[in-house]
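Q: Quick one: the structure is below, questions incoming.
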Amino acid sequence: MTLADLIADTKDRIAEGSSTFFTDATIKRWLNEAQRYIVRRTKIIERTGQADTVPGVSLYALEKDFWTLHFVKFNDDTLRPITINELEKRTSVKGTPSHYAVWGDGLHLYPTPSYVGTLTVLYYAWPVEMENDTDEPEIPEAFHGLLPTFAAYRAKLADQQPAEANVFFVEFQQGLEEIIAAYTDRQDQVSRVRDVSDLGEFPWL
């Protein structure tokens, strides 16, 4: 569904019994709020960033859509997290990075890379705001309908119709739980496949 479709769907849902007119800009704000709410609860948007390290440089910028980390690798090695306070206490040395710390919009590596390597960051991202009529949500298409449901909930609250608002919110929460269940099941399947592959070529022996 496009943003224009989502706005039209929202208007259809709140038309009956609504005494307040809501602009497209207001509905768009609610739709974007809904998508961020879903992403915050589910961590459903996963992205990968890569960069070459520069010898003597320990700080690397995170992507603008960065929300929270999954893991960090330097070449083929997974780095361990430490706090920025722990990092500051360590003596400045150069070598192969083994740890990282996040501060603001930057990723600090320790030790400071002494040679060019590949820094890989797997992270959970915030969705890009929908602005134009042709923009589409970044959550899976099967759950696009949850966005106008949330927007209708916000509209009914603004219209001082708490009972109707609650109906939409319950529907939204049920859909959110479906996303969480589907995502958890997917992660479990990946874990089971990894566990079997770790047993070798013939896991049944």
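Q: From the list TRP103, TRP67, TRP126, exactly one residue is over 28 Å from ALA182 (Cβ atoms) and within 20 Å of the chain's Cα centre (by Cα). Which is it? I'd like the intermediate steps shown before the answer.
A: Numbers: TRP67 fails: over 28 Å from ALA182 (Cβ atoms); TRP126 fails: over 28 Å from ALA182 (Cβ atoms).
Answer to the check: TRP103.
Q: Take the residues in segment 52-68 that are part of a loop (DSSP other than H, G, I, E, B) and under 11 Å from HIS108 (Cα atoms), then tell me which one is most open to solvent (accessible area, probe 1.4 Å).
A: The initial filter retains those residues of segment 52-68 that are part of a loop (DSSP other than H, G, I, E, B), namely 53-58, 62-65.
Next, only the ones that are under 11 Å from HIS108 (Cα atoms) stay: 57-58, 62.
Numbers: VAL57: 56, SER58: 39, LEU62: 24 Å².
Here the answer is VAL57.
Q: Could you count how many residues in segment 37-51 are open to solvent by 80 Å² or more (accessible area, probe 1.4 Å), out of contact with any helix residue (DSSP H, G or I) (no Cβ under 8 Å at 6 or more places or on another chain) and part of a helix (DSSP H, G or I)?
A: Of the residues in that region, 1 qualify.
Q: Might you let me know whether segment 124-133 holds any residue that is closer than 20 Å to ILE82 by Cα and open to solvent by 40 Å² or more (accessible area, probe 1.4 Å)? Spell out the reasoning first.
A: Just the residues of segment 124-133 that are closer than 20 Å to ILE82 by Cα, to begin with: 124.
Keeping just the survivors that are open to solvent by 40 Å² or more (accessible area, probe 1.4 Å) gives none.
No, that holds for no residue.
Q: Now for a different question. Pick out the one residue from THR91, THR149, THR112, THR83 that is open to solvent by less than 70 Å² (accessible area, probe 1.4 Å) and either over 19 Å from ARG29 (Cβ atoms) or modelled with pLDDT under 95 (or both).
A: On the way: THR91 fails: open to solvent by less than 70 Å² (accessible area, probe 1.4 Å); THR149 fails: either over 19 Å from ARG29 (Cβ atoms) or modelled with pLDDT under 95 (or both); THR83 fails: open to solvent by less than 70 Å² (accessible area, probe 1.4 Å).
Result: THR112 is the single residue among THR91, THR149, THR112, THR83 that is open to solvent by less than 70 Å² (accessible area, probe 1.4 Å) and either over 19 Å from ARG29 (Cβ atoms) or modelled with pLDDT under 95 (or both).
Q: Another question, then. Take segment 158-167 and flag every residue that is open to solvent by 30 Å² or more (accessible area, probe 1.4 Å) and closer than 16 Å to LYS11 by Cβ. Lay out the reasoning, then the answer.
A: Let us first name the residues in segment 158-167 that are open to solvent by 30 Å² or more (accessible area, probe 1.4 Å), namely 158, 160, 162-164, 166-167.
If the condition is that a residue be open to solvent by 30 Å² or more (accessible area, probe 1.4 Å) and closer than 16 Å to LYS11 by Cβ, then ALA158, GLU164 are the ones that fit.
Q: While we're here: If you go through segment 31-41 one residue at a time, do you hit one that is within 20 Å of the chain's Cα centre (by Cα) and small (Gly, Ala, Ser)? Step through it out loud before you land on a result.
A: Going through segment 31-41, the residues within 20 Å of the chain's Cα centre (by Cα) turn out to be 31-41.
Next, only the ones that are small (Gly, Ala, Ser) stay: 34.
There is at least one residue in segment 31-41 that is within 20 Å of the chain's Cα centre (by Cα) and small (Gly, Ala, Ser).
Q: Still on this model: Looking at segment 168-200, which of its residues are open to solvent by 90 Å² or more (accessible area, probe 1.4 Å), modelled with pLDDT of 55 or more and over 21 Å from ALA34 (Cβ atoms)?
A: ARG186
The values are calculated or read from the model by the stated rules, or taken from the named source; none is laboratory data. All values reported here derive from a predicted model rather than from experimental measurement. Virtual Cβ from ideal backbone geometry, glycine too; neighbours counted across all protein chains shown. Each accessible area value is taken on the protein alone, full model and side chains, heavy atoms only, with ligands, DNA and RNA left out. Shrake-Rupley method; radii C 1.70, N 1.55, O 1.52, S 1.80 Å.
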